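In what follows, a structure is listed as structure tokens, so that the remarks can point back to it.
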Amino acid sequence: MTAVTAPPPSTSADPTPRHPRRRPPSTGRRAYYVMVLPALALFLLFHTLPVLQGLYYSLTDYAGYGRYDFVGPSNYLALFQDSRIWESYLFTFRFALVATVLTNLIALAVALGLNGRIRFRNTLRGVFFIPNVLAILIVGYIFNYLFSNSLPYIAEKLGIEALSTSILADPDLAWVGVVILAVWQAVAFNVIIYLAGLQTVPEDLYEAATLDGAGAWQRFRSVTLPLIGPFVTINMVLALRNFLQVFDHIAALTKGGPGTSTTSVAHLIYNGGLNGGEYAYQTANAVLFFICIVVISIFQLRILQRREGSV
């Protein structure tokens, strides 16, 4: 009986190396389209289409209902002759400028404090972020009660005549209440951005500056501020853009009053367009305001970025 022997293993290497199976390029492309096309369709449906409709209605005399006629650029020409429009733009720009400066100064100061070696640092960071997650309308009604009831009561007990009545009822001081609410709510978000920027500054630079005899202010001006320049730019641009669109704060505090002393552009567009039968006219105002915001944001961004390079 002969034994069956297995053939000797081949010593020659396989000339054709084996590669793992790769998905065909069409599979990745198909997944890309599956994820992108629905989002693009929703964007076009709920953003681009309403914008185009608004541009069309701004060239008509549409009141929000019924029939309408095409009137061309007459709505835009009328905007420059309307005193309400000028007053609302002046108030909005003044409010946005003051609120932007105060918000960034306070937020940077708070961020510097929270970035130091203090006790309960993480807890305090969470506490300072709370205003950002609160509904601004609810907070606005609380501030309305404070300005209209609590603050006058305390001022009257202390004998402070200037604050014994609600500042929201004074045409010259009502905007201050709106600024206080807006700054209190906006500081929280800016603090987070500044904290992220401060944590990118190497500690070695502070130690080197201290060895060179630099004080706290010199370290901030020569080390901290130049290195967090991009974060300052982001906060300034976002804050100004958001404050130019102020609406909720005014709706909760003053509703545009007393009179029209605190009527912002957004509030005027809402009231006139939806409640005043000026749908097409205020749509033209919205288009003009959108152009103003874009131009201001681009101008501000370029100025601040140029400032970053010169610091």
Just checking, how many residues over region 253-311 are in contact (Cβ under 8 Å) with a residue 60 or more places away in the chain, among the polar types (S, T, N, Q) and over 29 Å from Leu52 (Cβ atoms)? 5
Among the numbered criteria (1) open to solvent by 50 Å² or more (accessible area, probe 1.4 Å); (2) under 20 Å from the mean Cα position of the chain (by Cα); (3) over 20 Å from Ile193 (Cβ atoms); (4) in contact (Cβ under 8 Å) with a residue 24 or more places away in the chain, which single criterion is violated by Asn132? (3)
Yes/no for Ala96 being under 30 Å from Gln282 (Cα atoms) and at pLDDT 90 or above: yes
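Checking the structure you have, find out if any residue of region 219-241 is of a type in the set (D, E, K, R), open to solvent by less than 70 Å² (accessible area, probe 1.4 Å), within 18 Å of Thr103 (Cβ to Cβ) and at pLDDT 90 or above.
Our first condition is that a residue be of a type in the set (D, E, K, R); within region 219-241, this holds for 219, 221, 241.
From what is left, the residues that are open to solvent by less than 70 Å² (accessible area, probe 1.4 Å) are 219.
With the extra rule that they be within 18 Å of Thr103 (Cβ to Cβ), the set shrinks to none.
No, region 219-241 contains no residue that is of a type in the set (D, E, K, R), open to solvent by less than 70 Å² (accessible area, probe 1.4 Å), within 18 Å of Thr103 (Cβ to Cβ) and at pLDDT 90 or above.
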Residue that is surrounded by the fewest Cβ atoms within 10 Å (Cβ to Cβ), among those in region 45-90 that are under 23 Å from Ser261 (Cβ atoms) and of a type in the set (Ser, Thr, Tyr): Ser83
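In region 129-171, what count of residues is obtained for those that are closer than 21 Å to Asn242 by Cβ and assigned to a helix (DSSP H, G or I)? Steps first, answer last, please.
Restricting attention to region 129-171, the residues satisfying the condition of being closer than 21 Å to Asn242 by Cβ are 129-144.
If we keep only those that are assigned to a helix (DSSP H, G or I) as well, we get 129-133, 136-144.
Of the residues in region 129-171, 14 are closer than 21 Å to Asn242 by Cβ and assigned to a helix (DSSP H, G or I).
The values are calculated or read from the model by the stated rules, or taken from the named source; none is laboratory data. Fair warning: this is a prediction, and the values are worked out from it, not measured in the lab. For neighbour counting, all protein chains shown are included, and Cβ atoms are generated from backbone atoms with ideal geometry for every residue, glycine included. Surface accessibility is based on the protein's heavy atoms, side chains included, excluding ligands, DNA and RNA. Shrake-Rupley method; radii C 1.70, N 1.55, O 1.52, S 1.80 Å.
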